[in-house]
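The values are calculated or read from the model by the stated rules, or taken from the named source; none is laboratory data. Because the structure is predicted, anything quoted here is derived from the model rather than measured. Here the Cβ is made from the backbone with ideal geometry for all residues, glycine too, and neighbour counts use every protein chain on show.
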Amino acid sequence: MVGQDTPRYRAVNWILRVLLLLAALSCLLPILNTVAISFSSKRYVNDVMFWPKGFSLSAYKKILEDEQFFRSFWVSVKKVVVGTSINMCLTLLMAYPLSKSERIFPARGHYMRVIIVCMLFSGGTIPWYIVIKELGLLNSFWALVLPGAVNISNTIIMMNFFKGLPPALAESAAVDGASPLQTLVHIYIPLSTPSIATLSLFSIVGHWNDYFNGMILINDPQKIPLQTYIQSLVADISTKINSMTAEEIQAFSEISSLNFNAAKIVVAMIPVMVIYPILQKYFVTGLVMGAVKE
């Protein structure tokens with residue numbers, strides 16, 4: 001490229017590198033600090049920077065020794081698998097017809113106006129809760145996945161990705177006798193791997209990190225997801241300490257709320273950090289191609 005060897009270009013290039021390095025450090029250093037705090041003892045927890053002091057696993061032992069942790073972990077795994085599957089199925093089925101022109105799908109404009117209004121406005125928490133209650137979903141696993149079954153923003157990204165595919169593909173499939181569903185399954189979905197992987201990542205992170213639905217909609221401790229359980233641990237300490245045994249009080253005396261919260265954050269990050277590298281190669285491609293209209 002012309003001008004790449006000029007002093008001005010080199011200066012701008014170095015400035016961009018420094019800015020990107022600072023942005024990376026602003027993301028990485030808080031994570032390192034959180035991990036270091038989670039492995040530090042209560043005595044040194046306020047002085048920790050990026051390396052543990054007084055190495056201790058007390059916070060993790062307290063989280064992992066409870067059977068409720070593993071029950072909630074399994075609920076969260078099911079929530080992610082089932083919720084993401086439902087999200088992607090409904091997103092694909094909704095985005096495909098909306099990607100067609102009004103000549104092919106005359107009612108497209110009406111549906112688009114409806115989903116845009118739904119994206120910009122909501123009825124609020126109380127009507128949302130009443131609807132879920134009247135549907136009989138309270139205190140059930142389905143209360144964790146069905147209320148957010150369709151994500152409008154993801155649908156629009158997927159729709160724009162479909163619009164970027166050559167219309168001749170669908171036309172050729174129709175000439176060969178393929179139905180719209182067959183065209184979607186056998187042509188559009190295989191070509192949409194980057195966007196599907198990107199939106200799946202969004203859905204996985206959203207379902208895994210959600211604690212609000214479990215806190216509001218689930219009353220049975222056996223059915224709460226991991227994030228709701230972890231969020232409630234510190235709050236329960238103050239209410240249960242009077243009924244604890246001497247051994248339990250001793251265990252709690254070895255940890256502080258700071259490294260206990262840090263351990264919770266680290267545990268919550270692990271599944272996402274495992275999944276993200278697998279889908280990373282699709283992330284930028286899927287997001288950019290689905291965010292730009294034809």
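From the list MET112, MET88, the lone residue that is at pLDDT 85 or above, farther than 16 Å from LYS223 by Cβ and surrounded by 15 or more Cβ atoms within 10 Å (Cβ to Cβ) is MET88.
Kindly indicate whether any position in region 64-85 is at pLDDT 80 or above, part of a loop (DSSP other than H, G, I, E, B), touching a Pro at 6+ places or on another chain (Cβ under 8 Å) and surrounded by 18 or more Cβ atoms within 10 Å (Cβ to Cβ). Looking for residues that are at pLDDT 80 or above, part of a loop (DSSP other than H, G, I, E, B), touching a Pro at 6+ places or on another chain (Cβ under 8 Å) and surrounded by 18 or more Cβ atoms within 10 Å (Cβ to Cβ), one finds none in region 64-85, hence no. Filtering region 151-190 to residues that are surrounded by fewer than 16 Cβ atoms within 10 Å (Cβ to Cβ), of a type in the set (S, T, N, Q) and in a loop (DSSP other than H, G, I, E, B) leaves only SER179. Take the conditions (1) within 22 Å of MET269 (Cα to Cα); (2) in contact with an Asp or Glu (Cβ under 7 Å, 6 or more places away or on another chain); ARG108 misses just one of them, which is (1). Evaluating VAL272 against the criteria (1) surrounded by 16 or more Cβ atoms within 10 Å (Cβ to Cβ); (2) at pLDDT 60 or above; (3) more than 11 Å from ALA59 (Cα to Cα) leaves one unmet condition, (1). Within region 135-150, not a single residue is over 30 Å from GLN227 (Cα atoms), exposed (fewer than 15 other Cβ atoms within 10 Å of the Cβ) and out of contact with any Phe, Trp or Tyr (no Cβ under 8 Å at 6 or more places or on another chain). Screening GLU102 with (1) touching a Gly at 6+ places or on another chain (Cβ under 7 Å); (2) under 20 Å from PHE212 (Cα atoms) gives one miss only, at (2). Could you check region 101-123 and list, in sequence order, the residues that are under 16 Å from LYS163 (Cβ atoms) and in contact with a Ser or Thr (Cβ under 8 Å, 6 or more places away or on another chain)? Listed by number, the residues that qualify are ARG108, ILE115.
Close contacts from region 64-89, counting a first residue that is within 10 Å of PRO225 (Cβ to Cβ) and a second that is part of a helix (DSSP H, G or I) and among the aromatic types (Phe, Trp, Tyr), with Cβ to Cβ under 6 Å and a gap of 6+ residues or different chains, come to SER72/TYR229; VAL80/TRP208.
Contact annotation: residue pairs with Cβ atoms under 9 Å, 6 or more positions apart or on different chains, pairing a residue in region 27-55 that is exposed (fewer than 12 other Cβ atoms within 10 Å of the Cβ) with a partner that is aromatic (Phe, Trp, Tyr), are PHE55/PHE39.
What are the residues in region 47-68 that are polar (S, T, N, Q) and within 26 Å of the chain's Cα centre (by Cα), if any? Result: GLN68, single match. Scanning region 117-150 for residues that are in contact with a helix residue (DSSP H, G or I) (Cβ under 9 Å, 6 or more places away or on another chain), at pLDDT below 85 and part of a loop (DSSP other than H, G, I, E, B) yields SER122, GLY123, GLY148.
Scanning region 40-63 for residues that are assigned to a helix (DSSP H, G or I) and either under 22 Å from GLN227 (Cβ atoms) or among the aliphatic types (A, V, I, L, M) (or both) gives VAL45, SER58, ALA59, TYR60, LYS61, LYS62, ILE63. Scanning region 106-162 for residues that are without any contact (Cβ under 8 Å) to a residue 40 or more places away in the chain and on the phi > 0 side of the Ramachandran plot turns up GLY124, GLY136. Any residue in region 175-193 that is touching a Gly at 6+ places or on another chain (Cβ under 9 Å), closer than 23 Å to ILE275 by Cβ, among the hydroxyl-bearing types (Ser, Thr, Tyr) and touching a residue at least 12 places away in the same chain (Cβ under 8 Å)? Yes, region 175-193 contains a residue that is touching a Gly at 6+ places or on another chain (Cβ under 9 Å), closer than 23 Å to ILE275 by Cβ, among the hydroxyl-bearing types (Ser, Thr, Tyr) and touching a residue at least 12 places away in the same chain (Cβ under 8 Å).
The selection criterion, being of a type in the set (Gly, Ala, Ser), surrounded by fewer than 17 Cβ atoms within 10 Å (Cβ to Cβ), out of contact with any helix residue (DSSP H, G or I) (no Cβ under 8 Å at 6 or more places or on another chain) and modelled with pLDDT under 75, does not hold for SER253.
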